[in-house]
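The values are calculated or read from the model by the stated rules, or taken from the named source; none is laboratory data. None of the values given here were measured: they were computed from a predicted structure. Backbone-built Cβ (ideal geometry, glycine too); neighbour counts: all protein chains shown. Only protein heavy atoms, including side chains, enter the accessible area calculation; ligands, DNA and RNA are left aside. Shrake-Rupley method; radii C 1.70, N 1.55, O 1.52, S 1.80 Å.
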Amino acid sequence: DKGGHKHFMGKEIAEQPRVIGEAIRAYMPDGDTIALPDGGFDFTAVDRLTLVACGTAYYACLTAKYWFEQLARLPVEVDVASEFRYREPPIPARTAALFVSQSGETADTLAALRYCEGKASSILAVVNVAESSIARESDLVLPIHAGVEVGVASTKAFTCQLTVLLILALEAARQRGEISPERLADVLSQLRNLPAVIGNALDTDAFAAHVSNELAEAQDVLFLGRGLMFPIAMEGALKMKEISYIHAEAYASGELKHGPIALIDSHVPVVVMAPRDALYDKTVSNMQEVMARGGKVLLISDSAGIEQAGEVWRSITLPRIDPLLTPILYALPAQLLAYHTAIAKGTDVDQPRNLAKSVTVE
Ligand code: F6R
């Protein structure tokens with residue numbers, strides 16, 4: 001049942017305020033303190049985390065690396081499961097291995113998990129399907145509460161993965177004494193408000209549809225972001241490739257001048273994700289380098305960021321929120337751009353060619 005939407009993907013994008021709210025309530029049952037399921041996890045008993053996943057879930061892990069390192073000062077390694085499993089990396093003592101998977105059945109992720117059995121001090125799973133193989137073989141299961149996801153391109157599972165990973169990083173920071181009670185209370189209160197903010201971001205839908213008619217003409221689209229926006233740029237590029245079949249790549253904006261800038265001309269739209277945070281000025285200066293070479297910039301920022309940037313080709317304005325929460329919010333326009341570009345191109349949004357919802361063979 002598509003609930004009045006043309007596609008499951010559209011329905012699942014629209015469900016995000018509700019399911020993110022459910023994830024938040026599940027991990028903060030009393031409204032203002034974090035309670036992990038099944039007795040929780042002792043983050044003071046580990047010195048490092050290894051995060052492993054595939055595809056969109058891997059980008060959730062890359063985002064979580066920033067959170068765990070910045071908030072909890074816990075060193076994090078992130079790897080794609082298909083590389084991790086065959087590289088057979090050493091797993092130092094006091095390492096927790098955490099696997100992120102919507103389906104809980106992805107063959108490479110499951111094999112990576114099995115490799116860690118008996119080596120990692122504990123195995124955690126952030127999954128949507130709580131009865132899955134990955135969940136069954138883990139010491140602690142952390143459900144994301146996204147509900148069934150039908151669209152092959154992951155949307156609500158991604159933002160729910162991010163929500164749960166942020167809560168875990170906050171809990172790690174609290175246990176390790178790296179965050180003040182005041183700051184923690186402040187972030188948690190903003191997190192409770194996030195579903196409403198995400199609801200407002202869905203108002204950019206009409207504009208995303210409009211701009212996507214123009215993106216649909218492109219051969220290539222680049223996505224740029226720095227810090228927490230870099231993995232979201234990668235997710236935006238993956239969504240674009242998957243459902244619109246337009247070649248899209250993401251770069252850390254600081255990497256632009258090390259090669260990719262050679263691609264820029266007036267035919268290449270460049271989506272720049274830059275909330276007005278501590279890294280904004282750096283990203284905007286990379287954006288100006290793109291514009292100086294004729295690149296067409298679509299800037300996604302908050303109103304202060306859009307204003308300060310001056311004239312760009314197109315812009316999408318999002319609400320201003322705490323920089324820590326921006327990945328969850330900025331995932332929405334990334335999804336909407338891909339969704340509407342695919343519709344403009346007439347591709348099969350829910351069943352893109354060559355792709356399966358769950359990759360149970362390697
Ligand atoms: C992208 C997408 C895939 C999955 C990947 C992992 O939209 O859906 O990249 O994220 O195949 O799947 P799970 O999360 O089920 O392990």
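Numbers below:
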read-out	value
Filtered residue count, region 68-111, keeping only those that are away from the ligand (no atom under 11 Å from the Cβ), within 21 Å of the chain's Cα centre (by Cα) and in a helix (DSSP H, G or I)	7
Single match in A274, A250, A309, A292 (criterion: farther than 18 Å from N213 by Cα and within 16 Å of the ligand (Cβ to nearest atom))	A250
Residues of region 10-34 classified as touching an Asp or Glu at 6+ places or on another chain (Cβ under 9 Å) and either over 30 Å from A344 (Cα atoms) or among the aromatic types (F, W, Y) (or both), total	2
Selection within region 122-152 - in contact (Cβ under 8 Å) with a residue 24 or more places away in the chain, more than 14 Å from the ligand (Cβ to nearest atom) and in contact with a strand residue (DSSP E or B) (Cβ under 6 Å, 6 or more places away or on another chain)	S122, I123, L124, L140, V141
Hits in region 260-282 - residues which are within 22 Å of the chain's Cα centre (by Cα) and either within 12 Å of F223 (Cα to Cα) or aliphatic (A, V, I, L, M) (or both)	P269, V270, V271, V272, M273, A274, A278, L279
Elements of type helices (runs of 4 or more DSSP H) in region 263-362, at least 3 residues being among the small types (G, A, S), open to solvent by less than 20 Å² (accessible area, probe 1.4 Å) and within 30 Å of S103 (Cβ to Cβ)	326-345
Among (1) within 21 Å of D186 (Cα to Cα); (2) in contact with a strand residue (DSSP E or B) (Cβ under 6 Å, 6 or more places away or on another chain); (3) open to solvent by less than 30 Å² (accessible area, probe 1.4 Å) - the single one E69 does not satisfy	(3)
Unmet criterion (only one of (1) assigned to a helix (DSSP H, G or I); (2) in contact with a strand residue (DSSP E or B) (Cβ under 8 Å, 6 or more places away or on another chain); (3) open to solvent by 30 Å² or more (accessible area, probe 1.4 Å); (4) not small (G, A, S)) for E255	(2)
Enumeration of residues in region 9-32 that are over 17 Å from the mean Cα position of the chain (by Cα) and buried (at least 22 other Cβ atoms within 10 Å of the Cβ)	G10, Y27
